[in-house]
Amino acid sequence: MLDVCAELVDEVGYEGLTTTLLAERAEVAIGSVYQFFPDKRAIVQALTLRNMEAYLQRLSDRFSRGDLERWWDGVDAGIDEYIAMHRTVPGFRTLHFGDVVDVHLLDETRDNNGVIAEQLARVLVEQFGIADTVCLRFALEIAVEVADALIKLAFRRDQDGDEQVLAEAKAVIREYLHRQVDGQPASPPAGQPNRPAESTDAAQPAEVREPAGQSSRPAESTDAAPAVEDESVTAPSAETGEPAKAGVPARDGETAKAARSAKHASVRVTQPDRSRDGDPIPSGANEG
């Protein structure tokens with residue numbers, strides 16, 4: 001019945017699975033199903049436990065070959081076997097280790113990936129002599145969560161698993177565990193700020209920048225700029241009465257004399273006509 005359950009889970013998913021459908025596919029009476037399992041959850045739980053036992057057995061067989069020299073080779077082997085079960089074991093791609101059904105399907109007090117991390121810690125300690133510490137188990141639990149998420153992504157993108165995503169998953173997990181197990185934390189201990197290394201060079205004065213939109217200009221002098229003579233102004237010469245040549249400024253004295261000459265020339269003074277003796281000529285005397 002567990003084999004039939006695995007096939008049906010791949011076909012209809014956990015939500016579509018029913019005990020009646022299981023009995024029909026297994027060609028057994030429905031009473032026979034309830035004799036062993038009270039509901040479909042119990043059936044899937046038994047299938048998940050069988051998958052976990054199969055995974056641990058595959059790891060044991062892989063380690064027994066003797067070609068894994070370092071602990072991170074064992075981590076790679078663990079990821080490889082997990083991927084292989086996605087590809088070859090019916091129902092595993094859908095159920096994984098039971099998180100689709102219940103995150104506490106394997107153990108009521110711990111989540112499913114926590115159980116797998118504990119089993120991996122036991123295998124690595126036995127095979128490679130790594131110190132069994134709380135930090136190791138915590139790091140493995142984080143690694144299992146990350147690997148599980150990335151492998152699921154790979155099989156969503158490609159039916160056989162996206163090779164590029166799978167390669168990245170292995171690289172990420174190996175690098176993370178390498179830092180944790182070898183005692184090279186990627187970040188400062190808790191409570192200590194992440195400060196950049198102090199420079200030994202003398203501090204340089206801060207550069208003063210102009211406000212946005214303004215160009216950098218030299219400071220303007222506070223001294224008054226000398227007056228520029230307007231060479232376009234030409235004044236008449238006092239001696240000749242003609243304007244000075246263009247571009248040659250008139251001197252102050254010449255300018256004043258020229259101004260007075262121009263004023264007198266513009267005003268016409270009319271005097272009454274007089275005779276040679278100085279007497280006024282009567283009006284109309286010169287007529288005719």
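Quick note: the coordinates plus some simple rules give every number you see, no bench work behind them. Please read all numbers here as calculations on a predicted model, not as lab measurements. Here the Cβ positions follow ideal geometry from the backbone for every residue, glycine too, while neighbour counts run over all protein chains shown.
Any residue in the range 133-148 that is aliphatic (A, V, I, L, M) sitting within a Cβ distance under 9 Å of a residue that is not in a helix (DSSP H, G or I)? List the pairs, counting only those 6 or more apart or interchain.
Matching pairs, first to second residue: Leu136/Ile130.
Report yes if some residue within the range 45-65 is exposed (fewer than 15 other Cβ atoms within 10 Å of the Cβ), basic (Lys, Arg) and without any contact (Cβ under 8 Å) to a residue 24 or more places away in the chain; otherwise report no.
Checked the range 45-65: at least one residue is exposed (fewer than 15 other Cβ atoms within 10 Å of the Cβ), basic (Lys, Arg) and without any contact (Cβ under 8 Å) to a residue 24 or more places away in the chain.
Can you work out which of the residues in the range 16-44 that are without any contact (Cβ under 8 Å) to a residue 60 or more places away in the chain, closer than 20 Å to Asp102 by Cα and among the β-branched types (Val, Ile, Thr) is surrounded by the most Cβ atoms within 10 Å (Cβ to Cβ)?
Among those residues, the one meeting the criterion is Ile43.
Residue by residue, here is whether (1) assigned to a loop (DSSP other than H, G, I, E, B); (2) aromatic (Phe, Trp, Tyr); (3) under 37 Å from the mean Cα position of the chain (by Cα) holds:
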residue: Glu81; (1), (2), (3): no, no, yes
residue: Pro90; (1), (2), (3): yes, no, no
residue: Asp107; (1), (2), (3): yes, no, no
residue: Arg110; (1), (2), (3): yes, no, yes
residue: Gly114; (1), (2), (3): no, no, yes
residue: Glu118; (1), (2), (3): no, no, yes
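Quick check, is Gly13 surrounded by fewer than 17 Cβ atoms within 10 Å (Cβ to Cβ), on the phi > 0 side of the Ramachandran plot and under 41 Å from the mean Cα position of the chain (by Cα)?
yes
When residues of the range 139-186 are filtered for being over 15 Å from His86 (Cα atoms) and not in a helix (DSSP H, G or I), how many remain?
The qualifying residues number 5.
Only residues in the range 114-129 that are farther than 16 Å from Arg58 by Cβ and without any contact (Cβ under 8 Å) to a residue 40 or more places away in the chain count as the first member; pair them with residues that are part of a helix (DSSP H, G or I) and among the small types (Gly, Ala, Ser), Cβ under 8 angstrom, at least 6 apart or cross-chain, and list the lot.
Short answer, once both residue conditions are applied: Ala117/Ala143.
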